[in-house]
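Take a look at the structure below.
The values are calculated or read from the model by the stated rules, or taken from the named source; none is laboratory data. Here the structure is a predicted model, which means the values were calculated and not measured. When we count neighbours, we look across all protein chains shown, and the Cβ atoms used for this are built from the backbone with ideal geometry, even at glycine. To get the accessible areas, we keep the full protein, side chains included, count just its heavy atoms, and leave off ligands, DNA and RNA. Shrake-Rupley method; radii C 1.70, N 1.55, O 1.52, S 1.80 Å.
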Amino acid sequence: MSGLGFQLSVVDGNARRGQLTTAHGAAETPAFMAVGTAATVKGLTVEQVAASGTEIVLGNTYHLMLRPSAERIARLGGLHRFMNWHGPILTDSGGYQVMSLSALRKIDEKGVTFSSHIDGTKHALTPERAVEIQHLLDSNITMVLDECTPFPVEEDEAERSMERSMRWAARCKEAFTARDGYGLFGIVQGSVYPAQREASAKALTAIGFDGYAIGGLAVGEGQELMLSTLEATVPFLPLDRPRYLMGVGKPSDLVAAVLRGVDMFDCVLPTRSGRTGQAFTHRGTLNIRNSRHQDDPRPLDQDCACPTCGNYARAYLHHLFRNGEMLGPILLTGHNLHYYQSLMAGLRKAIESREILAFADTFTRTQAEGDIAPL
């Protein structure tokens, strides 16, 4: 398939520097996709999202099919026009959300039937319908419908789940309408079992996709097991196609995964944490609600160039959160997303200079230092 352009420019060890090209523009890789589940990156305007350095955002099939519906979004001109984001959009197929509805869903060979978490209405999501919904949304990158295997899981159950996901992937490929600037990604499953990850990667490669996602991780297995599973998976993915680690993660996860050859990421952490008072900085995380910040005139991160750090003191941000002011989560979310994008820009530059190992070492040491001392 050649609907999407993907060009690798530099490889440093296993780390890769490239560019993904879509009908709605390009994204430099390694890339962090801001999560806009319900057609919005929570707390930020699209102008603020773009100003953070974000080039590609993520929407979600499950949530958008329920409300406002894919058909309504299509009538209104597609997801780009609907949310006023004119850059690339990837849409998750809803497999992870369906997994989390274990008490409300039934999975069989045909697909998934589930009850809406909103109003209890019954819905069916098949591989074909998942692709149709994402086509209606006008998503640049469509994800296959998969069964996100929970953790922990017995090996035989993980194998059954993975094999069904591979059959669904083939059906998604059949249902997908290939066109310039649009693509379909397969999703590797197999839990934490290396043989299953290898089999899944080979099955997807045989079908042929525009990109390959690694799913079923960051579901409770911990970083060490996640990374060893990555190491057992990435070597079996095509060199000339983008690799997307779904739902990951913490800054240390991003750095470690880039070292292992991953090109794309998404995670709710920077936005969700921004709403709850947690800030990511070059020296690790801090909780702005803590009283140590109430008289502190310094920025969250003196090495950060975001508007929050350039214009607002820790004391003011502390005040906003203590008083429940909505501006607090907005400013902290903006900072967190900017930090994530700054980290990705640093990774890209380090790969270009073939200094990725030195970058990763400096990142780890600086993070371990912890927050600056209180006044």
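For the chain, excluding the exposed loop sites themselves (GluC sites (Glu not before Pro), DSSP loop, at most 14 other Cβ atoms within 10 Å), the longest remaining stretch covers 155-324.
Among beta bridges identified by DSSP and lying wholly in the chain, the antiparallel ones come to about 50 percent. Summing Lys and Arg as +1 and Asp and Glu as -1 over all other residues whose Cβ lies under 13 Å from the Cβ of residue 58 gives a net charge of -2.
Three semi-axes describe the equivalent ellipsoid of segment 99-224; taken as square roots of 5 times the Cα gyration tensor eigenvalues and ordered largest first, they are 22, 21, 13 Å. Seen from residue 294, the other residues with C-beta closer than 12 Å to its C-beta sum to a net charge of +2, counting Lys and Arg as +1 and Asp and Glu as -1. Each of 131, 32, 70 was scored by the projection of its Cα onto the charge dipole of segment 7-166, and the greatest displacement toward the positive side belongs to 70; charges sit on the C-beta of Lys, Arg, Asp and Glu.
One Cα centroid belongs to segment 159-218, the other to segment 31-99; the line between them spans 22 Å.
Taking the accessible area of segment 10-61, probe 1.4 Å, and keeping the other protein chains in place, the carbon and sulfur fraction comes to 52%. Using the 1.4 Å probe convention, the accessible area of the chain works out to 41 Å² per residue with neighbouring protein chains retained. Name all residues of segment 240-280 having a backbone nitrogen under 18 Å from the label point set 7 Å from the Cα of residue 224 along its Cα→Cβ direction, giving them as ranges. Taking a point 7 Å out along Cα→Cβ of residue 224, the residues of segment 240-280 whose backbone N falls under 18 Å are 252-253, 256-257.
Summed over qualifying helices (DSSP H, 4 residues or more, each -39500 (n - 2.57)) and divided by its residue number, the chain shows a 222 nm mean residue ellipticity of -12500 deg cm²/dmol.
Against the empirical curve 2.2 N^0.38 Å, the C-alpha radius of gyration of segment 322-375 lands at a ratio of 1.52. Once both labels are positioned 7 Å from their Cα atoms along Cα-to-Cβ, the gap between residue 231 and residue 23 label points is 4.2 nm.
For segment 90-99, backbone phi angles converted through the Karplus equation (6.51, -1.76, 1.60; θ = phi - 60°) give residue-by-residue couplings of 10, 10, 6, 6, x, x, 5, 5, 5, 4 Hz, Gly and Pro being listed as x. Of the residues 13, 51, 363, the one whose Cα sits farthest toward the positive end of the charge dipole of the chain, with +1 on the Cβ of Lys and Arg and -1 on the Cβ of Asp and Glu, is 51. So what are the ³J(HN,Hα) numbers for segment 100-116, from phi and the Karplus equation (6.51, -1.76, 1.60; θ = phi - 60°), rounded to whole Hz, Gly and Pro as x? Per residue, the Karplus-derived 3J(HN,Hα) values read 6, 9, 3, 7, 10, 9, 9, 10, 9, 4, 5, x, 10, 10, 8, 9, 4 Hz. Rg and Dmax over the alpha-carbon atoms of the chain stand at 20.4, 62 Å. Computed over neighbours whose Cβ is under 15 Å from that of residue 347, the net charge equals 0, Lys and Arg +1, Asp and Glu -1. Remark: the residue 67-residue 170 segment gains 34.3 nm on full extension, using 0.36 nm per residue and subtracting the alpha carbon distance.
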